[in-house]
1. Here is a check on your reading of the model: is residue 315 surrounded by fewer than 20 Cβ atoms within 10 Å (Cβ to Cβ) and under 25 Å from residue 15 (Cα atoms)?
2. What's the total number of residues in the range 103-127 that are surrounded by fewer than 24 Cβ atoms within 10 Å (Cβ to Cβ) and either aliphatic (A, V, I, L, M) or on the phi > 0 side of the Ramachandran plot (or both)?
3. Whether any residue in the range 162-181 is at positive phi and at pLDDT 90 or above is what I want to check.
4. Please count how many residues of the range 284-306 are polar (S, T, N, Q) and at pLDDT below 95.
5. Somewhere in the range 48-56, is a residue touching a helix residue (DSSP H, G or I) at 6+ places or on another chain (Cβ under 9 Å) and within 14 Å of residue 290 (Cβ to Cβ)?
6. For the range 45-94, how many residues are of a type in the set (D, E, K, R) and within 27 Å of residue 320 (Cα to Cα)?
7. Determine which member of the set 34, 69, 54 is farther than 27 Å from residue 182 by Cα, surrounded by 18 or more Cβ atoms within 10 Å (Cβ to Cβ) and hydrophobic (A, V, I, L, M, F, W, C).
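The values are calculated or read from the model by the stated rules, or taken from the named source; none is laboratory data. Treat the numbers as computed from the prediction; the structure is a model and nothing was measured. A quick note on method: Cβ atoms are made from the backbone with ideal geometry, for glycine too, and the neighbour counts reach across all protein chains shown.
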Amino acid sequence: MLAFICPGQGSQSVGMAQDIYEQYPAAREMLDSLDAAADFPLLETMFEGPDEVLTATENAQPALVAHSLSVAAILQERGIKPDMAAGHSLGEYSALAIAGVIAPAQAVKLVRLRGQLMAEAGAETGGAMAAIIGLDEDEVLEAIHSLLKGLFGIDPDSVRPEYLAQFLPVSIANYNSASQIVITGEDEAVAAVSEVALELGAKRAIPLQVSGAFHSRLMQPAADKLAAVLETVEFSDAAIPVVANVDAAARTEAAELKQGLVRQLTEPVLWKQSVDCMVEAGADTFVEVGAGQVLAKMLQRSGMDATVLSTGTAAAVQQAVEEPGVVG
């Protein structure tokens, strides 16, 4: 069973998709149409940067979706169609477009707005994120809860889980793998939890270059505004199951998929759990559709028995197309 997985923010780089644009007519057609639909010079930003412009949240998000959808157009032209799809955070929009839930141009417009709203919320509330490498979920939660005890004198075990987030200045943003978890929240709290994590044995605690505390309660203003916009956008039921970030469940119903996009701004990305869901459903070949190799490398390091391919460059796309068993 073939699963498409779509990367999220952080995989962008100046020159992204340019060789694909030049070598594959299907990609060129897709990218030209998305460039025409965008309210900023999308292709110029992707191909020429500069880096500080491309990495701005409101620019990086549509660039990454455009890259993913251009690769998907090439694969589809060659008869490579997924049985299911998922995307990491922002990448969920790419997955939904691949599954026919939203049109490609609509996906790019929505993530452009999403990026703007997230950047605005970050400017208003501040916030930071950090990747904790080498600790499991329980150990990261121990680091977070130690901060709760120190700041407020509250024993987390005495608070009902659904209320706990109200007290936490920091929380888990991404469950990327068994040993890579991203935390998010107030600047000082993220720094403090990172220090505790290192004391507990984390190999590294890496501050992320982001414009806000994504996937935390600090993104609630962005979530509220996005919800209002999504109410005006028509979603179709998915042609293939899409595994949602917020609950790692394979879904096809339009309303549920739309609601997941709102929830993911303030709730953690259950990526490891999403991969487990796809494997349990029978996925044994994963193609990372779009920029970089972040998701492919995480899968390869997990040790699972699966074929894992990336498609970030024209050469990688060609290799994926030629991989035995990919064309079903």
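1. Judged against the criteria, residue 315 is a match.
2. Qualifying residue count, the range 103-127: 8.
3. So the first thing to find is which residues in the range 162-181 are at positive phi, and the list is none.
Within the range 162-181 (the criterion being at positive phi and at pLDDT 90 or above), the answer is no, since none of the residues qualifies.
4. Count: 2.
5. The answer is no, given that none of the residues of the range 48-56 is touching a helix residue (DSSP H, G or I) at 6+ places or on another chain (Cβ under 9 Å) and within 14 Å of residue 290 (Cβ to Cβ).
6. Selection size over the range 45-94: 6.
7. Of the residues listed, the single one that is farther than 27 Å from residue 182 by Cα, surrounded by 18 or more Cβ atoms within 10 Å (Cβ to Cβ) and hydrophobic (A, V, I, L, M, F, W, C) is 34.
To keep it simple, each residue is scored yes or no on (1) outside any helix (DSSP H, G or I); (2) at pLDDT 95 or above; (3) in the same structural domain as residue 84 (by TED's automatic domain parsing); (4) surrounded by 17 or more Cβ atoms within 10 Å (Cβ to Cβ).
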residue: 202; (1), (2), (3), (4): yes, yes, no, yes
residue: 225; (1), (2), (3), (4): no, yes, yes, yes
residue: 255; (1), (2), (3), (4): no, yes, yes, no
residue: 258; (1), (2), (3), (4): no, yes, yes, yes
residue: 262; (1), (2), (3), (4): no, yes, yes, yes
residue: 276; (1), (2), (3), (4): no, yes, yes, no
residue: 282; (1), (2), (3), (4): yes, yes, yes, no
